[in-house]
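Data block below; observations after.
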Amino acid sequence: MFEDEARFGRISNPRCCWAPKGIRPAVPLQLVREYTYAYAAVSPLDGVLDSLILPDVDTDSMSLFLSVVSERHPDETVLMFMDQAGWHKAKALIIPANMRLLNLPPYSPELNPAEHLWEEIREKWFPNLVFKSITAVEDTLMEALATLECDLER
């Protein structure tokens, strides 16, 4: 499996959109600095996706995510590829017994298929939206991840 995290929040990121000829679309914008983080691990072999939404990216959150993935695959040995973020290499990181961690080379996001999840989610579920609360962001993110978890082909 390949693992990655992404930050989602209330700071909007205006994107291109279609509009009738001669009309300039109005795109809402907000600059509220509230964030939540999505953790995901995807298996390119069979399309299995495991995800979790957590408030932080740190060693404790990463340990929790690895534990959840381990519990979802109790009869398998999970080989987890990940980038070299500090919390991925921390000595306090708790690695489940049925899991082995391997680091991808530094500065090589193109080697991690999990990176494409974030592009898909931002394009399909977060385009030019303004959220009233961080809970609304989490609800949209949860819907996106649940949809992707059920779609093994994608």
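The values are calculated or read from the model by the stated rules, or taken from the named source; none is laboratory data. Everything numeric here is computed off the predicted structure, so don't read it as measured data. Positions of Cβ are backbone-derived with ideal geometry, glycine not excepted, and every protein chain shown enters the neighbour counts. Note: accessible area is taken over every heavy atom of the protein model, side chains too, but ligands, DNA and RNA are not part of it. Shrake-Rupley method; radii C 1.70, N 1.55, O 1.52, S 1.80 Å.
Computed quantities for the displayed model
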read-out: Subset tally (residues that are open to solvent by less than 20 Å² (accessible area, probe 1.4 Å) and either among the acidic types (Asp, Glu) or closer than 19 Å to Leu141 by Cβ (or both)) for the stretch 55-69; value: 4
read-out: Flag if Lys132 is charged (D, E, K, R), more than 16 Å from the chain's Cα centre (by Cα) and more than 16 Å from Asp50 (Cα to Cα); value: yes
read-out: Which numbered condition Asn128 misses (of (1) open to solvent by less than 40 Å² (accessible area, probe 1.4 Å); (2) more than 29 Å from Cys16 (Cα to Cα); (3) in contact with a Pro (Cβ under 7 Å, 6 or more places away or on another chain); (4) not charged (D, E, K, R)); value: (2)
read-out: Residues (touching a Leu at 6+ places or on another chain (Cβ under 6 Å) and either surrounded by fewer than 17 Cβ atoms within 10 Å (Cβ to Cβ) or not in a strand (DSSP E or B) (or both)) located in the stretch 15-52; value: Gly47
read-out: Test: residue in the stretch 98-120 that is in contact (Cβ under 8 Å) with a residue 40 or more places away in the chain, within 21 Å of Glu143 (Cβ to Cβ), in contact with a strand residue (DSSP E or B) (Cβ under 9 Å, 6 or more places away or on another chain) and not aliphatic (A, V, I, L, M); value: yes
read-out: Scan of the stretch 96-143 for residues that are of a type in the set (A, V, I, L, M, F, W, C), outside any helix (DSSP H, G or I) and under 17 Å from Glu5 (Cα atoms), ordered by number; value: Leu101, Leu102, Leu104, Ala114, Phe126
read-out: Residue in the stretch 22-36 that is of a type in the set (Phe, Trp, Tyr), under 22 Å from Ala85 (Cα atoms) and in contact (Cβ under 8 Å) with a residue 60 or more places away in the chain present; value: yes
read-out: Residue, farthest from Ile53 (Cα to Cα), within the stretch 75-129, restricted to residues that are of a type in the set (Phe, Trp, Tyr) and touching a helix residue (DSSP H, G or I) at 6+ places or on another chain (Cβ under 9 Å); value: Phe81
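Listed here are the residues, each with its yes/no results for (1) modelled with pLDDT under 90; (2) in contact with a Phe, Trp or Tyr (Cβ under 7 Å, 6 or more places away or on another chain).
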site	(1), (2)
Leu64	no, no
Asn98	no, no
Glu119	no, no
Ala144	no, yes
Glu149	no, no
Glu153	yes, no
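Each row is one residue, and each column tells you yes or no for (1) of a type outside the set (Gly, Ala, Ser); (2) more than 23 Å from Pro14 (Cα to Cα); (3) in contact with a Lys or Arg (Cβ under 9 Å, 6 or more places away or on another chain).
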position	(1), (2), (3)
Val57	yes, yes, yes
Ile94	yes, yes, no
Ala97	no, yes, no
Glu120	yes, no, yes
Thr135	yes, no, no
Glu143	yes, no, no
